1. Of the residues C:Arg74, C:Arg20, which single one is within 30 Å of C:Ser181 (Cβ to Cβ) and among the charged types (D, E, K, R)?
2. If you go through segment C:236-249 one residue at a time, how many are more than 18 Å from C:Ser94 (Cβ to Cβ) and surrounded by 22 or more Cβ atoms within 10 Å (Cβ to Cβ)?
3. Confirm whether D:Val345 is outside the structural domain of D:Gly87 (by TED's automatic domain parsing) and either farther than 19 Å from D:Gly161 by Cβ or modelled with pLDDT under 95 (or both).
4. Of all residues in segment B:1-16 being open to solvent by 20 Å² or more (accessible area, probe 1.4 Å) and more than 12 Å from B:Thr97 (Cα to Cα), which is farthest from the other protein chains (Cβ to nearest Cβ)?
5. Quick check: is even one residue across segment A:325-337 in a loop (DSSP other than H, G, I, E, B) and either within 14 Å of chain D (Cβ to nearest Cβ) or under 22 Å from the mean Cα position of the chain (by Cα) (or both)?
6. Search segment A:293-310 for residues being under 25 Å from D:Val233 (Cβ atoms) and either β-branched (Val, Ile, Thr) or crowded, with 24+ Cβ neighbours inside 10 Å (or both), and hand back the single one that is nearest to the other protein chains (Cβ to nearest Cβ).
7. Looking at (1) surrounded by fewer than 23 Cβ atoms within 10 Å (Cβ to Cβ); (2) of a type outside the set (Gly, Ala, Ser); (3) outside any loop (DSSP other than H, G, I, E, B); (4) touching a residue at least 12 places away in the same chain (Cβ under 8 Å), which is the one condition that is false for A:His155?
8. Quick test for you: out of D:Asp153, D:Asp219, pick the one residue that is touching a Lys or Arg at 6+ places or on another chain (Cβ under 8 Å) and away from chain A (no Cβ under 14 Å).
Protein chains: 4
Amino acid sequence: MRADVLRFSLPDPGDVSGLREAIEAGKIDPKEIVAVIGKTHGNGLVNDYTRGFLTLSLALLISSKTGETPDAVRNRIPFIFSGGVEGVLSPHYSVFTVSPSEAGTSGEKALAIGVAFTPEFKPEDVGRQRQIDLTAEAVASAMRAAGIESPADVHFVQVKGPAFTLTDIVASTNAGNKPASDNPGKLMGFGRAASSLGVAKAVGEIPAVAATEAAVLKDFDLFSSVASCSAGVEVRVNEVVVVGLSSKWTGPLTISHAAINDSLDTAGIHKAVEGLGFAPAIQLSAQDAKRIRAGFVKCEASRDGLIRGKIHTMLNDGDIDQQRHIRAAVGAIVASVINDTAIFVSGGAEHQGPDGGGMIALIAERAH
Amino acid sequence: MRADVLRFSLPDPGDVSGLREAIEAGKIDPKEIVAVIGKTHGNGLVNDYTRGFLTLSLALLISSKTGETPDAVRNRIPFIFSGGVEGVLSPHYSVFTVSPSEAGTSGEKALAIGVAFTPEFKPEDVGRQRQIDLTAEAVASAMRAAGIESPADVHFVQVKGPAFTLTDIVASTNAGNKPASDNPGKLMGFGRAASSLGVAKAVGEIPAVAATEAAVLKDFDLFSSVASCSAGVEVRVNEVVVVGLSSKWTGPLTISHAAINDSLDTAGIHKAVEGLGFAPAIQLSAQDAKRIRAGFVKCEASRDGLIRGKIHTMLNDGDIDQQRHIRAAVGAIVASVINDTAIFVSGGAEHQGPDGGGMIALIAERAH
Amino acid sequence: MRADVLRFSLPDPGDVSGLREAIEAGKIDPKEIVAVIGKTHGNGLVNDYTRGFLTLSLALLISSKTGETPDAVRNRIPFIFSGGVEGVLSPHYSVFTVSPSEAGTSGEKALAIGVAFTPEFKPEDVGRQRQIDLTAEAVASAMRAAGIESPADVHFVQVKGPAFTLTDIVASTNAGNKPASDNPGKLMGFGRAASSLGVAKAVGEIPAVAATEAAVLKDFDLFSSVASCSAGVEVRVNEVVVVGLSSKWTGPLTISHAAINDSLDTAGIHKAVEGLGFAPAIQLSAQDAKRIRAGFVKCEASRDGLIRGKIHTMLNDGDIDQQRHIRAAVGAIVASVINDTAIFVSGGAEHQGPDGGGMIALIAERAH
Amino acid sequence: MRADVLRFSLPDPGDVSGLREAIEAGKIDPKEIVAVIGKTHGNGLVNDYTRGFLTLSLALLISSKTGETPDAVRNRIPFIFSGGVEGVLSPHYSVFTVSPSEAGTSGEKALAIGVAFTPEFKPEDVGRQRQIDLTAEAVASAMRAAGIESPADVHFVQVKGPAFTLTDIVASTNAGNKPASDNPGKLMGFGRAASSLGVAKAVGEIPAVAATEAAVLKDFDLFSSVASCSAGVEVRVNEVVVVGLSSKWTGPLTISHAAINDSLDTAGIHKAVEGLGFAPAIQLSAQDAKRIRAGFVKCEASRDGLIRGKIHTMLNDGDIDQQRHIRAAVGAIVASVINDTAIFVSGGAEHQGPDGGGMIALIAERAH
């Protein structure tokens, strides 16, 4: 098998002309698309409908090319979009394809991709043990599907889980259930947290017995450095995309990841860059930057209100949500290192990387 | 003469306990304060009252210590505050003092500070030739006051000029005048632009004949790399602080500056850092970072909607003002290099550095 | 002919289940839909993609039921959506249908609807004479199509024209054109203004010779009390829907309108209500409120910063756009009178009603 | 005793020229000021510093006129400001004075004012039994001070309690305490809720035994129709102002209040208006409106996401806080009835009026 990743600019959440042209030019076989991960124009919070708009637009495009129904496309392909292109960030989407390899494997490990879905979650499941465990199972299933044998070869696990509006939460409560929060935005945080613990459990970053509901949003020493979890009202299951390396795959791509210790941790970013074989540099040259196929970053405003001992104001702000602040900041730092603004940067890094930090994963063409 | 710069955290725009304690501990003589430049909690736009709140709080504190009236303090000391601590930025204020030197000059140039004020401006003056010319005169006056002989020794000129609310603008229009814009936010941009051209004229970065009203917000090839201009409703004159180097001064501090070519121009930032005598490094060590006394940055969202060929969304955003986006982004990049989040980062870089970029100036203790 | 108007709740811009169920229950023949006007969840400004999302969702639904292509549906039916359900407002869409009348006309005038489209506009056409004149022609064409003989029988003209992003505007400028503004949001205002003057010209509210480009955003004494104009990036032509009364039509519905003189002008609102035959009341009873089929309101923050002599802050606000403020306020006042929150309330009332005010039109079942 | 209430426009939170002129003209004796309640320009959330700015400005003004220290003024006079003048609302402050009566009492009850303060609260006290009970005691104390004998004569109790930033909350938690919420905004809600239950207990609107910590933000059937509670970082105690009627007082003013059942409950508003002796009217005439001296409104977005059966979007909005939405909406409705935009409208009506509604109190000159 051979994996490829192509990235397209998104001028408008309904404008998928980039992928259309690639399909029509024969660069992408729409039947080989296994996942799409992207960054859209909205606020990334509960009332962000740009994710759903892009999902619909892509499902229509792909179905028109493959002959599937749009619903079949949506059931087959995880569309994982995070809203919020604050600051220098550029809206885009990365299309993951898997094709039969023309050549035999080279012995060198190559990019490998696996996809899986959990069953549906209801508001009362979010942040609970059920979400942790079913996510862990889905990760294991996706690893098997990808032929990734060792957890050490897993470099990125993207999870998109459900968000619920107030109406949904109230209905659940009225039906006698107890959602983890009655606040739609906070419930999204519970979902990201439980999903992350599920990933950490699956890849052995934490002991299985530690991946409990009791630890959700409590014990931040438990985390995954490969998990990137988001939530949106447009899905009802956890969609799981595992990306790693496998000697069973071929192709030109590789992947690297690193934990980010805090908002200013450029060392983590450079570690991920150098893991791709680039020489140390303050900023990748324009030429080197072209080798990067996709970047994924999680980050968060530190809970204690301090960054390296100085106060930040992100958590007290009633005008701009903390996630928008931190995406703008950490996204810009990463962009300044990899010389590229089309990065998937997502806030809400609960249990995704160290507390107050996050994680980064980069996919690139291998150096020759 | 000997200049010093001390920086204080600002937990709340009314909390000036940092300076109070420094005065009471004898670290600062309040009579020697010649300027205060800081970053407050507001949005940095027309309806940002945190600048005025801090101004009042400092005027009261200093007057209580010097015996001056608060009004006399405000007339004597430029209080130049920019709102907006987006992302990782930390609210703070830097207090500039000038004291008689105990020692003779060493032959080495040291930090020199000069202050001047223009006459009052009315809404109809903003962005006009009068503001350009009177600003240039004030810069020249401040240079003389500081004993800075060569324009090449000017590294930073901070200007704070008036902003006007809609009510003011309407009153001006009704009185038969023609303000450059009927939009309060846009008029602030005109003021920053004209002030910048005045600085560029004064320090010879552009020919005097080119510093015309016709160039304001039109000819962006004309700019100053040392100018940092902001606007606020709490002042009615242009307050001008010139910071440079002079062999007539003594003390431990030096200053460096550089143009920033675009939002990702880390080379410009590193140039300013290395101009202070630091060895090249991705990020200053915590130890080196302590040598930095203050950082000043101007930046802006590129007018063509592109950063290195990729679209950004800052100028189309109806939820978050473009200045808030770009401060979060460029502020974080600078913070990641100098390992310090208490930086003065200001948007609205019209004619302050190259179009789509900006400028940076750093004050630090000299290396030994 | 017989016109009908049915209104559906919009829980999410992609959730058109309300119309789907009505079609599947036989309450609406999708081929008879001639226009849809609605209020979506976004900010109503340039980066509001909820309008496009709903448009796509409706086009897909209708095309799946009629066998047309989605593009054919979009070309046939004006989808006119305004973003922003601030405060108590409820997201919804009103579906206008025209069917052959089963009965003869009764002599009593009934609701009549006509639709027309202008040719495409480019950024440089917005706010210009071409937009004024082509809009006036489209209104006349729609009146003829609707069999509305007298301008006095026109009670509501909804126009949706194009908005352009910064990228579009820069491209136009680089091609040598001169768009009326280089600010995307401001250009939307020019478009609404020119379209309104076109309507006023067509229905004789102002002399044809007064409907000039020179008056756009200048002479606010020129206005239409039946025009409601909005702009969005998802259209390139002016879509025009004329609603009035005609003795050639039959059916149970009627329409009334009134000018709104300022933000507190409840007299205007009550005039429109009483024009429908309701007895004067502070608030319609729940029973009476059911007779209302749709409400359309334009409003704006007064340009002089005052409402009945007291200052408002809407035009100085850098956090919340003035249109969001005024929609929340005037929308709530109207809702409190007609006892219904599913109202189409749109800001940006340039030349739509008196300066600082706006207009209101209400469609209701006739009293028996 | 004789109470008076004068209202001043607030062009800027630092501009107290209105009161200054009234003092200098002899209209107000600054020593007779017993409370100031106002509406400032900020967002009304944690990072709203306009309240503190106005407090400082007024304390300075009054101290300069009375010879007290500013701190003494702040300890003597409750300054209770709520941020947020959304929509048509006009920033202003109402100054309450108490003077010795020149005339004897007339037998007719007149406006009576009493003030009291609780001890200081820490983050861990907010929303707890201690805050409930000490608030109730302060209300009783203020009633006694005002000579208000019957709870039925209490028409308005304004409470301003402390808010805490994240830093404060973290410090409290680290010290081993358990604040009711780790979210600064949510903790403000706990404080308003507990304070309201304290008021309800004091005036007998709920049984004393029901006023428990367990009911806070849980049992919304328990509420006060005279309580208006807000929170801000600039105070550390609950400041309590009780306003009612007493035959021991004289003067021209009266007060009326009513519960508001939901966001569209115009009946409640009209009940309060008519309680002042005005004839029923859709909108007070400009002449009648002048009799209104001050208006106080609490309101909230209904927790179930519905208003009279139709969805609202206020609780899902990541761009504009729910309190800003509802203030704009309910504030406009009240303004449209009383023909006045300078109203104190405050969101966060937990236990202040019926769930999903709120309360209104109006002070006016008595009809002759």
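The values are calculated or read from the model by the stated rules, or taken from the named source; none is laboratory data. Here the structure is a predicted model, which is why all the values come from computation and not from measurement. Glycine also receives a Cβ, built like all others from the backbone with ideal geometry; neighbour counts cover every protein chain displayed. Heavy atoms of the whole protein, side chains included, go into the accessibility calculation; ligands, DNA and RNA do not. Shrake-Rupley method; radii C 1.70, N 1.55, O 1.52, S 1.80 Å.
1. C:Arg74
2. 2
3. For D:Val345, the condition - outside the structural domain of D:Gly87 (by TED's automatic domain parsing) and either farther than 19 Å from D:Gly161 by Cβ or modelled with pLDDT under 95 (or both) - is not met.
4. Only one residue fits best here, namely B:Phe8.
5. Within segment A:325-337, not a single residue is in a loop (DSSP other than H, G, I, E, B) and either within 14 Å of chain D (Cβ to nearest Cβ) or under 22 Å from the mean Cα position of the chain (by Cα) (or both).
6. Looking at residues that are under 25 Å from D:Val233 (Cβ atoms) and either β-branched (Val, Ile, Thr) or crowded, with 24+ Cβ neighbours inside 10 Å (or both), I get A:Ile307.
7. A:His155 satisfies all of (1) surrounded by fewer than 23 Cβ atoms within 10 Å (Cβ to Cβ); (2) of a type outside the set (Gly, Ala, Ser); (3) outside any loop (DSSP other than H, G, I, E, B); (4) touching a residue at least 12 places away in the same chain (Cβ under 8 Å) except (1).
8. After applying the criteria, what remains is D:Asp153.
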